[in-house]
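See below for the structure under consideration.
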Amino acid sequence: MTSSSSSATAAAGAAAALDAGAGAGESVVTAVGAEMLKSAGFGKSRDAFGGGAGEEQFGSFLRQAQATEMVKQGGIGLAEHLFEALKERSDEIS
């Protein structure tokens, strides 16, 4: 294997690791966003004319979908901070 192909393989591996780190950061931000929405009362059943137990059970799916869309639209800036922290940690290990 030549030096150029070795460095290309290393660069591809590094890019894949960074992509995985970005994906992990987005997953964490989605989970945090869903919890924030829960704390704010989104997906909570209403007192009058509510959906009952079914509405309470499926409210988590609604919050998760809303949090996913928030992340797709740019989120609250947390994913970038998590990604940078993961990248720095990866650099320290290497």
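The values are calculated or read from the model by the stated rules, or taken from the named source; none is laboratory data. Since the model is a prediction, treat every value here as computed from it, not as a measurement. Quick reminder, even Gly has a Cβ in these numbers, built from the backbone with ideal geometry, and neighbours come from all protein chains shown.
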Answer yes or no: is there a residue in the stretch 61-73 that is at pLDDT below 80, surrounded by 11 or more Cβ atoms within 10 Å (Cβ to Cβ) and β-branched (Val, Ile, Thr). no
Since Gly23 meets every condition but one in (1) within 20 Å of His81 (Cβ to Cβ); (2) modelled with pLDDT of 60 or more; (3) surrounded by 14 or more Cβ atoms within 10 Å (Cβ to Cβ), which condition does it not meet? (3)
